[in-house]
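I have placed the structure first, in the form of structure tokens, so that the comments after it can refer back to it.
The values are calculated or read from the model by the stated rules, or taken from the named source; none is laboratory data. Since the structure is predicted, the reported quantities are computational estimates derived from the model, not experimental observations. We place every Cβ from the backbone using ideal geometry, glycine too, and count neighbours over all the protein chains shown. Just the protein is used for accessible areas: all its heavy atoms, side chains included, with ligands, DNA and RNA removed. Shrake-Rupley method; radii C 1.70, N 1.55, O 1.52, S 1.80 Å.
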Amino acid sequence: MSMMPDQPGTWLHPTADGLYCGPGGFHIDPARPVERAVVTHGHSDHARPGHGAVLATPETVAIMKVRYGADAAGRFETLDYGVTTRIGDASVRLVPAGHILGSAQVVVEWRGVRAVVSGDYKRAPDPTCAPFEPVACDVFVTEATFALPVFRAVPAEREIGRLLRSLSDEPGRTHLVGVYGLGKCQRLIALLRHAGYDRTIHLHGALAPLCALYEELGVALGPLARVAPDGGRAGLPGEIVLAPPSALADRWSRRFTDPVTAFASGWMAIRGRARQRGVELPLVISDHADWTGLVRTALETGADEVWVTHGRDDALVHELGKHGVAARALALVGFDDEGD
Amino acid sequence: MRAFARLIDDLGRARSRNRKLEILARYFASTPDPDRGWALAALTDGLPPRMPLRRLLADLMAERVDPLLYELSRDFVGDTAETVALLWPDDGRDCDQSPALGQVVDRLRGAGPREHAAILAGLLDAVAAPERYAFLKLVGGAPRVGVSARLTRQALADAFARDIREIEEVWHALAPPYGALFDWLGGSGARPETANLPVFRPLMLANPIDDEDFAALVPGEIAAEWKWDGIRVQIAATRGDARLYSRTGDDISAAFPEIRSAFAGAEVVLDGELLVVRDGAVAPFNALQQRLNRRTVAPRLLRDSPAHVRLYDLLLDGREDLRALPLSVRRERLVAWHSARRPPLSDLSPLVPFDSLDALRRIWSSTRAAGIEGLMLKRMASPYLAGRPKGHWWKWKRAAQTLDCVLMYAVRGSGKRASYYSDYTFGVWRPGEGEARELVPVGKAYSGFTDAELEALDAWVRAHTTERFGPVRRVAPGLVLEIAFDALYASSRHKSGLAMRFPRVHRIRWDKPAAEADSLETAQALSGDSVEPRPAAGQTGHPLS
């Protein structure tokens, strides 16, 4: 598509509350409560409570209700992947982003100009969500969480293999794995099941509700058990226990047997990050596109303009510029730079 | 290269000393020669050849990677070797065939400086990211994986069920890749020959004295010396070479060239205290500290902080091993050797005469006022035994001083203490704005309490946190810690103007209101003795006489 007289910056533009579509009268992933929001996925820096109306995939709406309660928005509307709807003068369609269950790219069109707001996305396969689908567009809005060439995806299966090998090398020690509660947790469980690990996987209490929701939404996770909430010594030598990252170095972790502290995150590719967190077994498993994925995807969309929402925008803007793409940083506030 | 890469990875992540020992021991026991020998060299004394790695890598990267992307990446990662390892172009390989460590080292050693860049590039091309990282750490000198040379030797002892002292005794007679060492350890070779070489002999260490030991001392059978506030060293000289070793057997000769030349040409092994002596007086420990851990010494530092050795024992005189002889005889031989030879920058640690235990106790009580660390007590009959044998030598440190301080900040520990706030910064009161007083930090401590007390301190910190900065918690000023320490020194590097030596938590004063803790003024008064001149070099007898 060619550029229309209507510059996209005039009908879709960043505001203090987030990206705003004028003709549609809605924000995408707003940082503050707004009248009408379209939400790409359930992570808390993208999906926030308190909006008048929220449009999202059925899975994302379900996640928001579990996290924030059924009254988290004045009104929830669901939109299945691939279905086009109209909001005001704009048309809106949600397309899988491959980031977590229910995650979507928002395809917005107005007067023949198409913008794709991809939210957070990855190109690597993930058994817990639909794969990313590239959509040709005029403006591609992208994240840049791992936008440095030092970030190169490694197959998640290989990292799972390292976890299982450590488990058999150190059968007397609890394997305590830090995971973000939404997405990473369930993906890690699913990957373990695919690798043939069928023992009970133990969960920190904070992870249980979203695992239950994933199961309800059709993602089988196998036998799970909650670690008892009281302060007793749980032991669990030789078992896998999943916990939110903040619990790894918390008093909670003292109940396990000489734990091997693991952490599943794209940041674990950097040794210093693992060291800072005292991680003994870093697992490089990311729910974001790596450097190659970010660059390739932006070029694949054929967009003349690429806007970068959050992360290491300077490197990505520079690289796309070399490919003749006008890229710029939006410097939107409110996104978690560490998100993974 | 693969096994070495895994070794570097595992060591970098291991959280306890025991875990590191296990990892190293397993590696040494299971890796073939010469790879394990080169790894041993890389972890202890560094690997030949040295090359200007930073410049070589900058050139190689400039040909391969967009300079801006390289710079942004380096800034983010914070380590050149790691950045290059991650950025080096490859096809995402998971290399099954990487060259053996021995081959890598051979290729580098056989090459001239002009060939280094091409060889470096060829090796980086041949392996995957983890091996690239390990390889760059290998050629870059110290791999900084939290492993000391001493720990590495301990692991070697563990792997082959030997006493570390046996290994230390031959260590400096060996060279990479240590084939003779592994042959000997594995039982297929003879013990490496150490005669005629300035090798390290394991030191004899003293035990802290307790009441029972003290009561059993017989004056007349015991030699007393001042306990000097320097570092313990061994001088090992053969006709060809003189070397200076730390108590753990690290060769520190390069940092103290003047001592090395003072003993050049002698044939002797001596035990003594390394000090900085200015105008005949011992300088504060701080002055010596500035001279440690250097590969070369600037002339100015040599002039301003000249080193000196105060000798107290003689292990080998010529080729004669005196270690089995009693201290009384070794002392006579030491005095005779020193007066005949008179090496510069050295003197003898004088014996402190006493005729009764009461007199000894009085002398000990005077040490703080004299700026002396305490006393060393040695049985005259004691042979020189490696390690810390019981019943021969004792150290009797001067009594600790204490201050009531207020807990200000806490940081989580590491290893087993990773979930506990176990490292404490504490302060004392000083006048603030107007009528108010404020706390100023005077030191940090992470020992001196029981596990049960740690639980209680941890809970207190969590319940009284007022602010967090990353891993640090600021707490409300409400808990008094009675801190014991060896000395307080004037220091311009600290906000309070004071630095504490060997602080530890003596008691937790749950009962004491924070407002009644000590003031900076009180602390400054305690620091008085440490800035006064120390006893002069060469002084004999009681420092007060």
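Worth a mention:
- Ranking by accessible area, most exposed first, for B:279, B:106 with a 1.4 Å probe: B:279, B:106
- For chain B, with +1 on Lys and Arg beta carbons and -1 on Asp and Glu, the positive-most of B:508, B:164, B:129 along the dipole: B:164
- Note on the stretch B:2-140: with neighbouring protein chains present and a 1.4 Å probe, carbon and sulfur make up 48 percent of its accessible heavy-atom surface.
- Measure of compaction for chain A (Cα Rg per 2.2 N^0.38 Å): 1.01
- Per-residue Karplus couplings for the stretch B:423-429, computed as 6.51 cos²θ - 1.76 cosθ + 1.60 with θ equal to phi - 60°, are listed in order as 10, 10, 9, 10, x, 10, 7 Hz, Gly and Pro entered as x.
- Divided by 2.2 N^0.38 Å, where N counts the residues, the Cα radius of gyration of the stretch B:401-526 comes to 1.00.
- Normalised contact order of chain B, rounded percent, pairs of Cα under 8 Å and 6 or more residues apart: 12
- For chain B, the square roots of the Cα gyration tensor eigenvalues, ordered a ≥ b ≥ c, give a/c of at least 1.5 with a/b no greater than b/c, which places it in the oblate category.
- For the stretch B:229-348, the dipole from Cβ point charges (+1 on Lys and Arg, -1 on Asp and Glu) about the Cα centre works out to 240 debye, to the nearest 20.
- Dividing the mean sequence gap of close Cα pairs (under 8 Å, 6+ apart) by how many residues chain A holds gives a relative contact order of 17 percent.
- Computed label-point distance, nm, for sites residue A:250 and residue B:90 using a 7 Å Cα→Cβ extension: 3.7
- For the stretch A:156-283: rounded, prolate or oblate by the Cα gyration tensor [a/c cutoff 1.5]: rounded
- The residues of chain B expose on average 45 square angstrom of accessible surface per residue, using a 1.4 Å probe on protein heavy atoms.
- Among A:290, A:45, A:29, the largest mean-square fluctuation in a Gaussian network model of chain A (Cα springs under 10 Å) belongs to A:45.
- The sum of -39500 (n - 2.57) across all DSSP H runs of n ≥ 4, divided by the residue count of the protein assembly as shown, sets its helix-only mean residue ellipticity at 222 nm to -8500 deg cm²/dmol.
- Heavy-atom accessible surface that A and B bury in contact, both chains counted, 1.4 Å, Å² to 100: 2600
- The stretch A:156-283 - charge dipole about Cα centre, Lys and Arg +1 at Cβ, Asp and Glu -1, debye rounded to 20: 400
- A quarter of the convex hull surface defined by the alpha-carbon atoms of the stretch B:229-348 gives 7.3 nm² as the mean projection.
- Charge dipole of chain A about the Cα centre (unit charges at C-beta), most positive-ward option of A:16, A:100, A:52: A:100
- Summed over the residues of the stretch A:32-171 and divided among them, the accessible surface reaches 35 Å² per residue at a probe radius of 1.4 Å.
- Of the residues B:421, B:446, A:180, the one with the largest accessible area comes first in the ranking B:446, A:180, B:421, computed with a 1.4 Å probe on protein heavy atoms.
- Theoretical FRET efficiency, 1/(1+(r/R0)^6), r = Cβ-Cβ of residue B:64 and residue A:318, R0 22 Å, to 0.05: 0.85
- Note on residue A:305: accessible area is roughly 40 Å² with a 1.4 Å probe, heavy atoms of protein only.
- If you plug the beta carbon distance of residue B:467 and residue B:400 into 1/(1 + (r/R0)^6) with R0 = 45 Å, you get a FRET efficiency near 0.90.
- In this label model, residue A:133 and residue B:18 are separated by 5.6 nm, measuring between points 7 Å along each Cα→Cβ vector.
- Computed extension gain for residue B:205 through residue B:161, at 0.36 nm per residue and net of the alpha carbon distance, reaches 13.6 nm.
- The residues of the stretch A:312-329 listed by number as losing at least 40 Å² of accessible area in the complex, against the isolated chain and with a 1.4 Å probe, are A:318.
- Greater than 32 Å apart at Cα, pairs in A:184/B:416; B:137/B:227; B:20/B:390; B:397/B:444; B:137/B:495; B:395/B:512: B:137/B:227; B:137/B:495; B:395/B:512
- Dividing the radius of gyration of the alpha carbons in the protein assembly as shown by their Kirkwood radius gives 1.04 for Rg/Rh.
- Rolling a 1.4 Å probe over the protein chains gives residue A:12 an accessible area of about 0 Å².
- Magnitude of the charge dipole for chain B, about its Cα centre and with charges confined to Cβ atoms of Lys, Arg (+1) and Asp, Glu (-1), is about 440 debye.
- Surface share of carbon and sulfur [accessible, 1.4 angstrom probe, percent] for the stretch B:229-348: 50
- A straight chain from residue B:301 to residue B:217 at 0.36 nm per residue would run longer than the Cα-Cα distance by 25.9 nm.
- For residue B:231, distant residues with modelled amide H under 5 Å away: B:274
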